[in-house]
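Read through the structure below, which is laid out as structure tokens, and then see the notes.
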């Protein structure tokens, strides 16, 4: 099996016919100009050392070197063996609350940014495990499905903000159901959900969601962010300057409180654990270490071809051809010149 690692360099091969056309075009034009200047019998006298054959030879060598160089830059590779690599790991959906209450700053810089930072750190640690992200407020949406493309996952994570879900609320049950419906149960992998929220004013039938998770043997870990006593929600203008705190219809400042009871219930009943988020601890790291103790399951296999570079088969000839071209002059060889001079002298 042969392939080119940098196929874009093969487009340079189109230069060869173009250069050949231009060379012969200008050579023909030059010849016509010389013929107009002096007749053919005067050419040996005016240009005694000039050799058209050598000019043509040097140009052909240059084109051959250019061809070899372009092939070398494209780096032809030969597949020597095909291996089947098993993919093992576990499937995890992270449910991230993006409601306005997550803007509270009892955890610095705020609840949402702390959660995003921990998720990004988790992504760096993953090796073969599939991760998906669901954002929710009044409704739940898949930010990205289960994937092992961690670079893409980081890009989608960075795009998450308080405007990711326009409907306000805390639809925990909806987010859990969406994750449960998004798992592929044909794959025999261990499946888990990590719920990150303040749990405040949760909506939906959470008991039904817990039963569904238990039926499907999906473990749910929960991380509660915020203060039980309650803190105000800051309000910022378009320039990022705080202009006050969120108020209710009566003009009273709204306090957002962590509802850890519901989060403990979700985790306990599904076989997971509850963590209270803090400024200093990385709760997702603790959860990952917990999951890592679970025996990883094979969920697929990839056939990988091991390729070996063969660019030097073309690079070496290109260098040799360029060296030959460099040492060939445009003039006739001295031996040929002497023979011509002797012939003219004898005549």
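Every number in this text was worked out from the coordinates using simple rules, so none of it is lab data. Everything numeric in this text was worked out from a predicted model, so none of it was measured. So basically every Cβ, Gly included, is an ideal-geometry build from the backbone, and we count neighbours across all protein chains shown.
Annotations for the structure displayed:
- Cα centroid separation, region 210-288 to region 62-78 (Å): 60
- Residue 149-residue 117 FRET efficiency (beta carbon distance; Förster radius 22 Å; 0.05 resolution): 0.60
- D (Stokes-Einstein, µm²/s), Kirkwood Cα radius, region 202-252, 1.002 mPa s at 20 °C: 143
- Three-way shape label, region 123-163, alpha-carbon gyration tensor, a/c 1.5: prolate
- Order of 195, 155, 61, 15 - criterion: other Cβ atoms within 10 Å of each residue's Cβ, fewest first: 155, 15, 61, 195
- Neighbour-count order for 311, 136, fewest beta carbons within 10 angstrom listed first: 311, 136
- Hull volume in cubic angstrom per residue (convex hull over the Cα atoms of region 141-240): 133
- Under 13 Å from the residue 238 label point (7 Å along Cα→beta-carbon), backbone N, region 98-125: none
- When 268, 278 are arranged by Cβ crowding within 10 Å, least crowded first, meaning fewest neighbours, the order is 278, 268.
- Against the empirical 2.2 N^0.38 Å (N residues), region 86-302 has a Cα radius of gyration ratio of 1.00.
- Inverse mean reciprocal Cα-Cα distance (Kirkwood Rh) of region 83-158, Å: 13.4
- When only Cα pairs below 8 angstrom with a gap of at least 6 residues are kept, region 86-302 shows a relative contact order of 26 percent.
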